[in-house]
Amino acid sequence: MTLLIHRPFGIEHPYATSADQRVPVRPEVGEAVRLGVIASPEVRAVYCEWMPDGGAPVSLSLTPVVVDAADAAALAGGEGHLAAAQAAALADDGAWAVVSPPVTVGVRYRFRAEGDGGASAETEWFDLRPVAWVADAGELTFDGAAHSGGTADPGGADRLVPGSVEWLRDDTGVHRVRFALALAPDEHVVGFGERFDAVDQRGRTLDAVVFEQYKGQAAAGRTYLPMPFAHVVSPSTSWGLHLRTSRRSWFDVGASTADRLVIEVALGGGPHEHLDVGVYTGDPAAVVAAFTAEVGRAEELPEWVFRLWASGNEWNTQDLVMDRMDTHADLDIPVGAVVIEAWSDEQGIMLFRDAEYPLHPDGAPHNGAEITYPAGGAWPDPKAMVAELHERGIKVILWQIPLLKTSHDLGPDVPEDAQVYADGRALIDGGHAVLEADGTPYHNRGWWFPQSLMPDLSTQRTREAWTAKRDYLLADLDVDGFKTDGGEHAWGHDLRYGDGSRGDEGNNRYPVHYARAFGDLLRRHGKAPVTFSRAGFTGSQAHGIHWAGDEDSTWEAFRASVTAGITASACGIVYWGWDLAGFSGPPPDSELYLRAAAASAFMPIMQYHSEFNHHRRPLRDRTPWYVAEVNDDPDLVAQFREVARLRERLVPYLTAQARVAIETGRPLMRGLFFDHADDPEIWRWPLQFGLGDDLLVHPVTEPGATTWQTYLPAGDWVDAWTGEAHHGRATITREVPPAVVPVYVRANAWPGLAPVFDRAAP
């Protein structure tokens, strides 16, 4: 009669607790726990039967509680359509809770509910084992060599603080390891994947778990693309470390104790666990080269990826896409790629909306000859559209997410024999779905496409089966790449993957498998593996392009995105970009838009994009002409055109320098510490970066600026806009018109690069 739910781990949102979980999941000896359940409306009382090993049973009475929906929504970044969805996912009605006695021994417990008319229900029994930190319960190695601390070893583990290694265990196994590495006063710590809050993480705490933080990544300290890898840099020494694990890890980078980097890592729960730490010595470029030689290195992509990318989430018809590209041509604003997001039926993200095709009850892929496109539909002739765009020199990227929307959210208008349901059955019956621990299919616990099935891309057979349904997009339509959006949807420590891994180690690897799957699809059709991913982890370096995810059109987000590019690049991501001037909320003002465009022209990938707004007026397009219109700024289009033309002239340099980055480990978008680690002054200028070997870029990231100071490190430099020569180790102030970003060129490279900055050039 009564629904009564308790899940010790809850929904496993990494930063929020759900109403039905135990907190903490693993209490330390002597710690009490909060026990939560969700009950159906007719429940009038809930009790917990608490049975300590060797002790007297206790009956605990639960009380109704209210989950704060506002707090839940704030986790998603505040304003926006995903915020409301997250609030709904976390703010459950019917929540009850109680705080247990201190846990000193193992406990069995269950819940019983009493409802109207004497009806009752009870849950299964749950086991709870308290944990404790102990000195010797596993093996910590550095580059494979065991180390106990206090003596030097060839791998650099002499930094291990003596006596700092501890293991968190219960009477069944070991769940975490914690240890500390010494930090010298002049050392800076950079990396941990794409980070939005700071280049130097010294004095901060953070973790490494793939997470969809919808906006506000800097304030939240979260990221789509974490890595348990970092550089430690000082004027005299540089080295790097890599935790060789895909499980979640935590870092206290001198925040609690100024001279210690304290690292904590989740383990597998076995009776004797092991963690190996990779240590790389040498300058930062050598560290990146060694790290990517181990985990995967970018492959060179064609030069067209460095041209301007254009996108809008509401370009949801062929007419709209062609209209936007026509306007680019009419205004003489060069564009190299169009990303079409709203092309599909958004059920399996494999068939065009309004397309007609026969039902394949077995879920087999369709081929192009089977699919027709009604003349009055949204996409009457996608093949002709792609061909025409190719004639104009514009490549076509189609949006993807790794989910199959087979939940009630499909709505009453989708018949039960629809192709999406056949595909869902085939996914499950073919053994291609991510599974729960009990073997049932996993349904997305996140707030974006909730309850959708998720393909198990950890195996080659499923990668091929999932992408085979997109073969016709390449074989028949000739598209050029895929925006591999999402990838953060796996929540659950005990999910089951086909490669034998559990969720605690497989979830972070999921976006790596995802980008690999679509890169391989493109290669099968003779195309370059151009994928455009938001999520990632260690190993993502080898798979296509990445961008910084969802952000508002604000100056704060602009600064955070520059930081994200510098930190992602420091971890071996060569091809990186962002939604210039942000993609969410009302369009940016002219100043922010032009400042962001001018900066993006000197980043690896330059693209604009705008969020879905339910086609409400006013639009939220980020096209330069629309931003000009809403700001009543007719000069903006001409200024953007000049920036876009400069970008075209920069493409050969970017192509050559990407090759250098791949070969040497010296990032394309390069924090100054790569080339000038011996200069302590560079850390005062965290938003400056090198672009390849010869350019130094300093984005104007504050509103109202008319002049801008830039620190020039050692060497001889030339102002790219005036040709004026400068000597390094000096601060230079220059005027900064709205579409000008300070750029300085190494003097010996100036003769070859001067034409790029010629405003009279086409």
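When Met227, Met385 are sorted by how many other C-beta atoms sit within 10 angstrom of their C-beta, beginning with the fewest, the order is Met385, Met227. Around the amide H of Thr104, modelled in the peptide plane, lie the amide H atoms of Gly30, all under 5 Å away and 5 or more residues distant in sequence or on another chain.
Hey, what number do you get for the chain at 222 nm if only DSSP H runs of n ≥ 4 count, each worth -39500 (n - 2.57), divided across all residues, to the nearest 500? Calculated from helices alone, the mean residue ellipticity at 222 nm is -6500 deg cm²/dmol.
Whole-percent P(r), the stretch 495-619, all Cα pairs, 10 Å bins from 0: 13, 35, 31, 18, 4, 0.
Separation of the alpha carbons by more than 25 angstrom is noted, of Lys215/Lys383; Lys405/Lys483; Lys215/Lys395, for Lys215/Lys383; Lys215/Lys395.
P(r) for the stretch 132-295: what percent of alpha-carbon pairs falls in each 5 Å bin, starting at zero? Answer for the stretch 132-295: a P(r) of 2, 9, 18, 21, 22, 16, 9, 3, 1, 0 percent. Shown in residue order for the stretch 652-666 are the 3J(HN,Hα) couplings computed by the Karplus curve 6.51 cos²θ - 1.76 cosθ + 1.60 at θ = phi - 60°: x, 4, 4, 4, 5, 6, 4, 4, 4, 4, 5, 6, 10, x, 7 Hz (x for Gly and Pro). As a proxy for reagent exposure, ranking Ile682, Ile545, Ile371 by other Cβ atoms within 10 Å from fewest up yields Ile371, Ile682, Ile545.
Only Cα pairs under 8 Å and at least 6 apart count here; give the relative contact order of the chain as a rounded whole percent. Taking the mean separation of contacting Cα pairs over the length of the chain, I get 11 percent. Treating each Cα of the stretch 443-532 as one equal point scatterer and applying the Debye formula with no solvent, the log10 of I(q)/I(0) at q = 0.11, 0.15, 0.20, 0.22 Å⁻¹ comes out as -0.32, -0.58, -0.95, -1.09. Of the trypsin sites (Lys or Arg not before Pro) found in the stretch 214-306, none is in coil by DSSP with at most 11 other Cβ atoms within 10 Å of its Cβ.
At most 10 other Cβ atoms within 10 Å and a DSSP loop assignment: could you name the trypsin sites (Lys or Arg not before Pro) in the stretch 658-762 that fit? Those satisfying the criteria are Arg759. Scalar couplings 3J(HN,Hα) for the stretch 452-460, obtained by applying the Karplus form with A = 6.51, B = -1.76, C = 1.60 to θ = phi - 60°, are 5, 6, 10, x, 8, 7, 6, 10, 5 Hz; x denotes Gly and Pro. Listed by Cβ neighbour count within 10 Å, with the fewest neighbours leading, Leu35, Leu359, Leu687 appear as Leu359, Leu687, Leu35. Listed values for the stretch 213-219 are Karplus-derived 3J(HN,Hα) couplings in whole Hz (6.51 cos²θ - 1.76 cosθ + 1.60, θ = phi - 60°), namely 8, 6, 6, x, 4, 5, 5, and x replaces Gly and Pro. Only one of (1) 44, 30, 26; (2) 60, 42, 32; (3) 44, 35, 23 was calculated from the structure for semi-axes √(5λ) of the Cα gyration tensor in Å, and its label is (3). Amide hydrogen proximity for Phe142: with H placed 1.01 Å from N in the peptide plane, the residues at 5 or more positions away or on another chain lying under 5 Å are His147, Val277.
Taken together, the values in this text are just the output of simple stated rules run on the coordinates, not laboratory data. If you're wondering where the values come from, they're calculated on a predicted model, not measured in any experiment. Using ideal geometry, Cβ is built from the backbone for each residue, glycine included, and neighbour counts are taken over all protein chains shown.
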